[in-house]
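Inspection log for the structure reproduced underneath, given as structure tokens.
The values are calculated or read from the model by the stated rules, or taken from the named source; none is laboratory data. Quick caveat: nothing in here was measured; it's all calculated off a predicted structure. Note: ideal-geometry Cβ built from the backbone for every residue, glycine included; neighbour counts use all protein chains shown.
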Amino acid sequence: MNIHKIAGYLNTLADDSDTGMVFDCQPISGEVDVLQITVFGREELPIFVSVTDDQILCITYLWGEEEVKENKTNEMHVSMLEMNIPMPLSSFSKIGDKYVIFGALAISSTFDDIEHELAVLSNNALEIIDDMSDYLI
Amino acid sequence: MSIFKKIMTAIRGGATEVGESIIDSNATRIFEQEIRDAENHLTKAKRDLTGVMAQQMSSSRDVERIKREVVEHEGYAVQALDKGDDELALAVAEKISTLENELATQQQSLDSFQGSAERLKDLVKKSERHVAEYKRQLSMVKTTESVQKATSAITDNFSSSNSKLLSAKDSLERIKAKQQKFDDRMKAAEVLESENSDNSLEAKLKDAGIGANDNNANSVLERLKAKKK
């Protein structure tokens, strides 16, 4: 599995995706190939996909440290930890000063699995911003 | 230090400089080499184990054979004694004594082979677990490295395209607004469709002379006449 195969699959889906979402893929070149995937209507929250030796990582940036209200960080962290297990397929992490939501798939995953993962991740991202908005500026 | 702590330290230390690789790629290569070495050792240990187990089987067969011979010769000695041939009985007894010495030596080496086989089996199991653990750690290091590189590619892409990052709340609002607009359009289309079908029905009824008729000059005149009376 590599990002070009994933892009090829998602592009052929067009309007026929099982999830009802339309994906647009744009490869970003760098030391590691990254695929930027935007869901139609949700362009503000792109998903970044990279493939390592043994897993496929799908990451969406949620918010930066500077967007968290003063003195609310701890409370927000606890809420996020509590949400981590109930939230299907995705988990929280932090890259640099940005909070992210991500899903990791086995390298042997099927295209259907990846499409499902992306749809769930996108829904989770929207929902969690809504849920955490009390802690955000 | 556990691999988790190492990665955490590396991330914290490197977080200030975006784009800089946090894990020394040389260290990763050394680690990969260590895994390959461990795998080579494992293969060798397995080969050794096969050898020792073969020796163990052969030694075990020898022990059985000598035991059988001892029993056999004991029978001969008893027979010689029965016949009153003490000389022959003594010769057989000497043979038995030699066999028993041989048995003791053979039994000793069998025990030693058994011990070696057990130790090697343990070693193989332990090495296999170690290799699996090394591989898991390497995967963590490589994933960390890959996420770092991916992040720097994403960051570069963002700054080069000059696209301003919206705050999470603004993004959500915009997405919700788009969804609302989409829903409204769908609803409007539905309303329009139903209105169109209403209109066509009305037209059909009018053609058939059913339902409300248009006001015309005649009907107005009729109404006025009626009022006058």
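Against the criterion of being assigned to a helix (DSSP H, G or I), of a type outside the set (Gly, Ala, Ser), within 13 Å of chain A (Cβ to nearest Cβ) and surrounded by 15 or more Cβ atoms within 10 Å (Cβ to Cβ), B:Leu88 does not qualify. For segment B:216-227, the criterion of being in contact with a Leu (Cβ under 7 Å, 6 or more places away or on another chain) and modelled with pLDDT of 85 or more is met by none of the residues. Out of B:Met186, B:Met140, one residue alone is under 27 Å from A:Ile3 (Cα atoms), out of contact with any strand residue (DSSP E or B) (no Cβ under 7 Å at 6 or more places or on another chain) and more than 10 Å from chain A (Cβ to nearest Cβ). It is B:Met140. Scanning segment B:91-115 for residues that are surrounded by 15 or more Cβ atoms within 10 Å (Cβ to Cβ) and either of a type in the set (Val, Ile, Thr) or within 20 Å of B:Ala38 (Cα to Cα) (or both) returns B:Val92, B:Ile96.
Number of residues in segment A:123-137 that are facing chain B (nearest Cβ under 10 Å) and either assigned to a loop (DSSP other than H, G, I, E, B) or among the hydroxyl-bearing types (Ser, Thr, Tyr) (or both) equals 2. The residue that is surrounded by the most Cβ atoms within 10 Å (Cβ to Cβ), among those in segment A:59-99 that are more than 11 Å from chain B (Cβ to nearest Cβ) and within 15 Å of the chain's Cα centre (by Cα), is A:Ser90. For segment B:154-170, the condition of being surrounded by 18 or more Cβ atoms within 10 Å (Cβ to Cβ) and within 14 Å of chain A (Cβ to nearest Cβ) holds for at least one residue. Report yes if A:Val51 is facing chain B (nearest Cβ under 7 Å), without any contact (Cβ under 8 Å) to a residue 60 or more places away in the chain and in contact with a helix residue (DSSP H, G or I) (Cβ under 8 Å, 6 or more places away or on another chain), otherwise no. Against the criterion (facing chain B (nearest Cβ under 7 Å), without any contact (Cβ under 8 Å) to a residue 60 or more places away in the chain and in contact with a helix residue (DSSP H, G or I) (Cβ under 8 Å, 6 or more places away or on another chain)), A:Val51 does not qualify. Of all residues in segment A:14-51, those being among the charged types (D, E, K, R), at pLDDT 85 or above, surrounded by fewer than 17 Cβ atoms within 10 Å (Cβ to Cβ) and within 22 Å of B:Val147 (Cβ to Cβ) number 0.
Within segment A:103-128, the set of residues being in contact with a strand residue (DSSP E or B) (Cβ under 8 Å, 6 or more places away or on another chain), closer than 27 Å to A:Thr73 by Cβ and surrounded by fewer than 19 Cβ atoms within 10 Å (Cβ to Cβ) comprises A:Ala104, A:Val120.
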